[in-house]
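The values are calculated or read from the model by the stated rules, or taken from the named source; none is laboratory data. These numbers were taken from a predicted model, which means no experiment stands behind them. No Cβ is skipped: glycine too gets one built from the backbone with ideal geometry, and neighbour counts run over all protein chains shown. Quick note on the areas: whole protein, heavy atoms, side chains included, nothing else; ligands and nucleic acids left out. Shrake-Rupley method; radii C 1.70, N 1.55, O 1.52, S 1.80 Å.
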Amino acid sequence: MNVFDETSLKELFFEHYDQLFSGFFNRVKDYDTAQELTQATFIKFWKYRESIDLTIELRTQLFRKGKLVLIDWFRKEARQRQLLEELSKIEVPKEEINSDMMDLLKNQINHLPPMRKEVFSLAYFEGLTHKEIAEKLQISIRTVENHKHRAINQLRKVLAFITIIHFIQ
């Protein structure tokens, strides 16, 4: 019988959270992402608690689960970067996008968090490089990449719609 319960999870959490978070942060260099990965690891660990082998140290199993979470994240990032690269190769002249679609895009952009909106605008409307944006906003290039990536993810549906409409016309 498995006796891994909420109390055990709480103890494991407080004992290993910092070390797990630190490991993620060292790999992804982004506080929010490291925090998300750490939380995902504990959630996944709890979700699959029935498969925990109590003859193996819990810490070992937790860090194995963390490794799998990180691998999944890297795979997802690679797929999203590939899609982003493909999207960036598609050149849609602004004058060819009708005003309704541009209004739709602007509306969606206005719903982005402030920093993400700023990074997106600097990259796509002003044509600045990641390095130029990082210098202008006094943030790291990796942070610029993350904000740009997350903005694209939030705008993906409307961008896909605009691209489809453009090719139909």
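Compute the length gained on full extension between residue 131 and residue 31: take 0.36 nm times their separation in residues and subtract their Cα-Cα distance, giving the result in nm to one decimal.
Gain on extension, residue 131 to residue 31, equals 34.0 nm.
Of 17, 31, 124, which has the most accessible area with a 1.4 Å probe, and how do the rest follow in descending order?
31, 124, 17
Which loop GluC sites (Glu not before Pro) in the range 1-86, with loop taken from DSSP, have no more than 12 other Cβ atoms within 10 angstrom of their Cβ?
In loop regions of the range 1-86 (DSSP not H, G, I, E or B), the sparsely surrounded GluC sites (Glu not before Pro) are 57.
For residue 140 and residue 11, compute 0.36 nm times the residue count separating them, minus their Cα-Cα distance, and round to one decimal in nm.
42.9 nm
Quantify, in whole percent, the carbon and sulfur part of the accessible surface of the range 8-53 (1.4 Å probe; protein heavy atoms only).
Answer for the range 8-53: carbon and sulfur cover 50 percent of the accessible area.
Of the cross-linked pairs 67/148; 106/157; 29/67; 67/131; 29/157, which ones have a Cα-Cα span greater than 22 Å in the structure shown?
67/148; 67/131; 29/157
Would you kindly state how much longer the chain becomes between residue 158 and residue 104 on full extension, computed as 0.36 nm times their sequence separation minus their alpha carbon distance, in nm to one decimal?
18.7 nm
Could you check the spin-label model distance between residue 83 and residue 63? Points 7 Å from the Cα along Cα→Cβ, value in nm.
Once both label points are built, they end up 3.3 nm from each other.
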